[in-house]
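See below for the structure under consideration.
The values are calculated or read from the model by the stated rules, or taken from the named source; none is laboratory data. Note that the coordinates shown come from a computational prediction; the quantities given were computed from them, not determined experimentally. All Cβ positions, even for glycine, are placed from backbone atoms using ideal geometry, and neighbour counts span all protein chains on display.
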Amino acid sequence: MSFAPYQWRHDQGYLPPPGTPSHCFTLCTKNSDPKPPPAPAPPASDYAPPTLRPGVNYLFAEKSAHTILHIFSKAAPIWEEKYHGQNLNFKMFKVATSFQVKTIIERILKKAGDDCKGWSVTEVVEGGCGVWRKGTTIKYEDDKGKGDLNGMGWNEKRGDKLPPVWLVVHKA
């Protein structure tokens, strides 16, 4: 026999003889695609911003004015003399001026409806040296509580051209 024991083809290279098992090896030139990110977790509370999957955009409500509220952590009448000179903790919140005053009480207390009855929000004015002066008090049940922050004068000018808004949420 004078023919070659192996086949050779110009375009395919070496071909084994018929009946011989062929092993296929593939050369990977790129890594596989990464795993997709996990689905977003549900919001921690009813008031948390919505969670979005990657690639999803959010359309915000119509543009409204915002103000910064400084709300004391202590639910006490800090304008009384026994609190003068104390170092009091507070949190700052950026809030739309269209919020109702009673909504601020609900959000700070993390309660709603009848659970908020008997609570009030009071604006205080800084007197210096750790002294705070009592300002307007709005009870949760009052009609003023249904008004918005802008109607109370707590608007976007506060903290800029006007003094900042300092509030205490306390039992009435």
Looking at region 85-94 only, could you name the residues that are more than 13 Å from residue 108 (Cβ to Cβ) and assigned to a strand (DSSP E or B)? 94
Counted residues in region 158-172 being free of Cβ contacts under 8 Å to residues at least 40 places away in the same chain and not in a strand (DSSP E or B) come to 3
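State yes or no: is residue 120 closer than 19 Å to residue 74 by Cβ, in contact (Cβ under 8 Å) with a residue 12 or more places away in the chain, surrounded by 14 or more Cβ atoms within 10 Å (Cβ to Cβ) and not aliphatic (A, V, I, L, M)?
Working: closer than 19 Å to residue 74 by Cβ: yes; in contact (Cβ under 8 Å) with a residue 12 or more places away in the chain: yes; surrounded by 14 or more Cβ atoms within 10 Å (Cβ to Cβ): yes; not aliphatic (A, V, I, L, M): yes.
Criteria met by residue 120.
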Which count do you get for residues in region 77-95 that are within 22 Å of residue 145 (Cβ to Cβ) and either buried (at least 16 other Cβ atoms within 10 Å of the Cβ) or in contact with a Lys or Arg (Cβ under 7 Å, 6 or more places away or on another chain) (or both)? 5
Can you find even one residue in region 128-141 that is within 29 Å of residue 48 (Cβ to Cβ), surrounded by fewer than 17 Cβ atoms within 10 Å (Cβ to Cβ) and in contact (Cβ under 8 Å) with a residue 60 or more places away in the chain? no
Identify, please: which residue in region 150-172 is under 28 Å from the mean Cα position of the chain (by Cα), aliphatic (A, V, I, L, M) and modelled with pLDDT under 95 and is, among those, surrounded by the most Cβ atoms within 10 Å (Cβ to Cβ)? 152
Out of (1) closer than 19 Å to residue 134 by Cβ; (2) touching a helix residue (DSSP H, G or I) at 6+ places or on another chain (Cβ under 9 Å); (3) part of a helix (DSSP H, G or I); (4) not aliphatic (A, V, I, L, M), the one residue 74 does not meet is (3)
In region 95-130, how many are modelled with pLDDT under 95, part of a strand (DSSP E or B) and of a type in the set (A, V, I, L, M)? 2
Quick check on region 77-95. Is at least one of its residues under 16 Å from residue 163 (Cα atoms) and in contact with an Asp or Glu (Cβ under 8 Å, 6 or more places away or on another chain)? no
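Can you pull out the residues in region 135-157 that are assigned to a strand (DSSP E or B) and within 21 Å of residue 68 (Cβ to Cβ)?
Taking region 135-157 first, the residues assigned to a strand (DSSP E or B) are 135-139, 148.
Hits for region 135-157 are 135, 136, 137, 138, 148.
Which residue out of 30, 63, 82 is modelled with pLDDT of 90 or more and either part of a strand (DSSP E or B) or of a type outside the set (S, T, N, Q) (or both)?
Values: 30 fails: modelled with pLDDT of 90 or more; 63 fails: modelled with pLDDT of 90 or more.
The conditions single out 82.
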